[in-house]
Ligand code: ADP
Ligand code: MG
């Protein structure tokens, strides 16, 4: 059916229903993920240009956006060399002249438009050309003819959209103004009225209107660029509110559905265990443990996330939780992302379990034959009390007798689904998730908003600091000299080479070159190369040899297995550090400084380095605080796709920025949780529009939503 048919217009209408959108434009818009009218409404400007103030040519400042009113003095094609053609226009007002330049143009159209004497409005960022003075490259121009020569319609704040090749700002503005004209009356409100009133939020349709077509009075382009206007705030609120409603709902209902076993905490086993520890728990560890114990005593399934930087001591916290399950006559599972890490945890935990008389098992993909059968059987019969393993723990063949608690380590490596899979291995076992990927608190509340979150925000005492330094190009010699002196003192070193996605072969060549030059330069030490093309067993063997100090320098192409503890390693050299992300650099740095030695993280960088790359190197040098680094990372990368959201299963934020909008987020969270407390299934007719919106916009992202 087409737009002249009988169908009532709706926000679900395809974009072709809009005047100005033919098949060609529709294709371009689809590239931007815009297929329905509603998508267009949510396609918000990322920047604004103030064209309400006209400047005189004599007052233009290079690289500062400006709008002038001018007359065409002269226009035509200029040839540069034999091939290159430029269309140049000389504009003038009563204070001077400036040039406009076009490198791609339609000659007939341009000659017609820029006739001598034509009056125009010209907008853009001027630059200074040494020979010809001020010039605008591809400025926006608008002809002043008859009526609008005197009208103020054109002088206002203009929205700027992220566009794609072949689609011009002018066309998208045009399309949006047609959308607003025809569909704005269909935009309905779904935020409850009392919330709107309490925070004086604009209505939804007014918010869309003023965001796409800002009034020239009241707010400046700067306010708009900072997303500070009431219209933008309303849309930010709406986006965060819907997500928080989903999370509040999930939390409320997972708690009432999951009955969970009530545990007795602080039993004899725990007391014995704490006595065995060679150190005192940190205050943060005690605080987090108290939070866990409180959950376990409640009679509802625990669903808690521990956020703790690399080296903050999460393993002991996990082990205490596992032992509490054992103390309550249930089994406990500890799931980690890699085999080597599983083995390391196993070996760390084994002495405690032996001392306490607890049967511990390790389950990995390498288990074979009879051994495998015996272990599986003991798990099934409930003889084995603590089971450590990789994701092979969730396979069908593994059956627990009575799984009471599961810990999932390094959550960011598992998807939400695996987290749920381990939860299904018992009758509503308590779930404890641990992650070392530092994310800002505001983000944790969004990504894990249906879980309770604990922050392990303190390092065990006596941790040696890590010095971080950047070496550019040839200075790398100094980095390797430092490594040599550390090796001479008996320490070990990591050398990490980056992964360049296009070709694993090329990566390997680059890493091999580094490896060979290290071998040649430091023949007195054993170096080894580890990379993704090696078999798993091979890689594991190398890691064990490194752990036992049979290897002194480990050169790695890819990221070294998360979480592995090599206390004797005191040097981390990162080659081409400018290519790594901040979170990655921080994780890699966390591989050293785990023992009693002063450690060094040496970043070797090569030109050219992007602005972002430079900013990252500065941040990693200045800070060791994972949360701070994560916040800086977000600032550098901007609001777009922030780490983890894609995997988290939550919708990508379109307008909200979790750093910038932290205040609105806390309002949204508070209001959402209050509302779900009052009306747990949104059955109040007044909340029907909200319920529809939640289901439509985030329903598929949250499994429990189905039941409302
Ligand atoms: P992560 O949080 O990265 O998993 P780990 O649990 O591996 O950190 O702990 C890092 C190191 O700190 C381990 O060697 C561990 O034995 C040690 N550790 C943990 N808690 C304490 C503490 N309270 N005091 C001293 N050392 C501790
Ligand atoms: Mg760990």
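Each reported figure results from applying straightforward, stated rules to the coordinates on display, with no laboratory input. This structure is a prediction, so every number in the text was calculated from the model and none was measured. Quick reminder, even Gly has a Cβ in these numbers, built from the backbone with ideal geometry, and neighbours come from all protein chains shown.
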- Normalised per residue, the volume of the convex hull around the Cα set of the range 85-244 (Å³): 178
- Could you give the angle, 0 to 90 degrees to the nearest 10, between helix 369-381's Cα long axis and the longest principal axis of the Cα atoms of the chain? 90
- Item | Of all DSSP beta bridges in the range 1-133, antiparallel share, percent nearest 5 | 90
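When a/c is below 1.5 the answer is rounded, else prolate if a/b is larger than b/c, else oblate, so apply that to the range 304-362 with a ≥ b ≥ c taken from the square roots of the Cα gyration tensor eigenvalues.
On the way: a/c = 1.72, a/b = 1.27, b/c = 1.36.
It is oblate, given that a/c is not under 1.5 and a/b is not larger than b/c.
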- Message: With N set to the number of residues, divide the alpha-carbon radius of gyration of the range 528-625 by 2.2 N^0.38 Å and report two decimals.
- Response: 1.13
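How many percent of DSSP beta bridges within the chain run antiparallel, rounded to 5? Intermediate results must be reported in sequence, preceding the final value.
Details: 35 of 92 bridges.
Close to 40 percent.
Just how many % of Cα pairs in the range 351-408 lie over 12 Å apart, if you round to the nearest whole percent? If you can, show how the numbers build up before the last one.
Working: 1107 of 1653 pairs.
Roughly 67 percent, rounded to a whole number.
Can you sort 407, 72, 122 so the residue with the fewest Cβ neighbours within 10 Å comes first? Mind dumping the intermediate values first?
Values: 407 27, 72 21, 122 24.
Arranged by neighbour count, lowest to highest, 407, 72, 122 become 72, 122, 407.
Rounded to two decimals, what is the ratio between the C-alpha radius of gyration of the range 1-110 and 2.2 N^0.38 Å?
Working: Rg = 20.8 Å, N = 110, 2.2 N^0.38 = 13.1 Å.
Scaled against compact globular proteins, the figure is 1.58.
With a ≥ b ≥ c taken as the square roots of the eigenvalues of the C-alpha gyration tensor of the range 213-301, please select rounded if a/c is under 1.5 and otherwise prolate if a/b is larger than b/c or oblate if it is not? Display every interim value, and only then the final one.
Details: a/c = 8.09, a/b = 2.34, b/c = 3.46.
Since a/c reaches 1.5 but b/c is at least a/b, the shape of the range 213-301 is classed as oblate.
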- Approximate spin-label separation residue 598-residue 7, in nm, with each point projected 7 Å along Cα-to-Cβ: 7.2
- Task: With N denoting the number of residues in the range 152-209, provide Rg(C-alpha) divided by 2.2 N^0.38 Å, to two decimal places.
- Result: 1.46
- Item | Degrees separating the helix 339-356 axis from the principal Cα axis of the chain, which is the longest one | 40
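For residue 392 and residue 103, calculate 0.36 nm times their separation in residues minus their Cα-Cα distance, and state this gained length in nm to one decimal.
Numbers: separation 289, 0.36 × 289 = 104.04 nm, distance 5.95 nm.
This chain segment gains 98.1 nm when fully extended.
Just need the relative contact order of the chain here, percent rounded to a whole number, with Cα pairs under 8 Å and 6+ apart. Don't jump to the answer; show the numbers that get you there.
On the way: 1227 pairs, mean separation 89.6, N = 708.
RCO, the chain: 13 percent.
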- Note on the structure: Computed over the chain, the Cα gyration tensor eigenvalues, each multiplied by 5 and square-rooted, give semi-axes in Å (largest first) of 55, 36, 21
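Apply 1/(1 + (r/R0)^6) to the Cβ-Cβ distance of residue 622 and residue 662, taking R0 = 30 Å, and write down the FRET efficiency to the nearest 0.05. Walk me through the intermediate numbers first.
Numbers: r = 22 Å, r/R0 = 0.73.
After rounding, the FRET efficiency stands at 0.85.
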- residue 373-residue 549 FRET efficiency (beta carbon distance; Förster radius 45 Å; 0.05 resolution): 0.80
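Can you put 690, 665 in order, fewest other beta carbons within 10 Å first? Please report the intermediate quantities before stating the final value.
Details: 690 22, 665 26.
Going from least to most buried by this count: 690, 665.
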- Query: Which FRET efficiency value, to the nearest 0.05, do you get for residue 137 and residue 182 by plugging their Cβ-Cβ distance into 1/(1 + (r/R0)^6) with R0 = 41 Å?
  - Reply: 0.70
- Query: How far, in degrees from 0 to 90, does helix 230-257 lean away from the longest principal axis of the Cα atoms of the chain, to the nearest 10?
  - Reply: 30
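Multiplying the sequence separation of residue 156 and residue 130 by 0.36 nm and subtracting their Cα-Cα distance, what value in nm do you get?
Details: separation 26, 0.36 × 26 = 9.36 nm, distance 3.16 nm.
Net length gain for the segment: 6.2 nm.
Classify the range 579-637 as rounded, prolate or oblate from the Cα gyration tensor: take a ≥ b ≥ c as the square roots of its eigenvalues, call it rounded if a/c is under 1.5, otherwise prolate when a/b beats b/c and oblate if not. List each step's numbers first, then the result.
Numbers: a/c = 2.54, a/b = 1.43, b/c = 1.77.
Note, shape of the range 579-637 comes out oblate.
Run the numbers for residue 458 and residue 32: contour at 0.36 nm per residue of separation, minus the present Cα-Cα distance, in nm. It would help to have the intermediate numbers written out before the result.
On the way: separation 426, 0.36 × 426 = 153.36 nm, distance 4.35 nm.
Contour length minus the Cα-Cα distance gives 149.0 nm.
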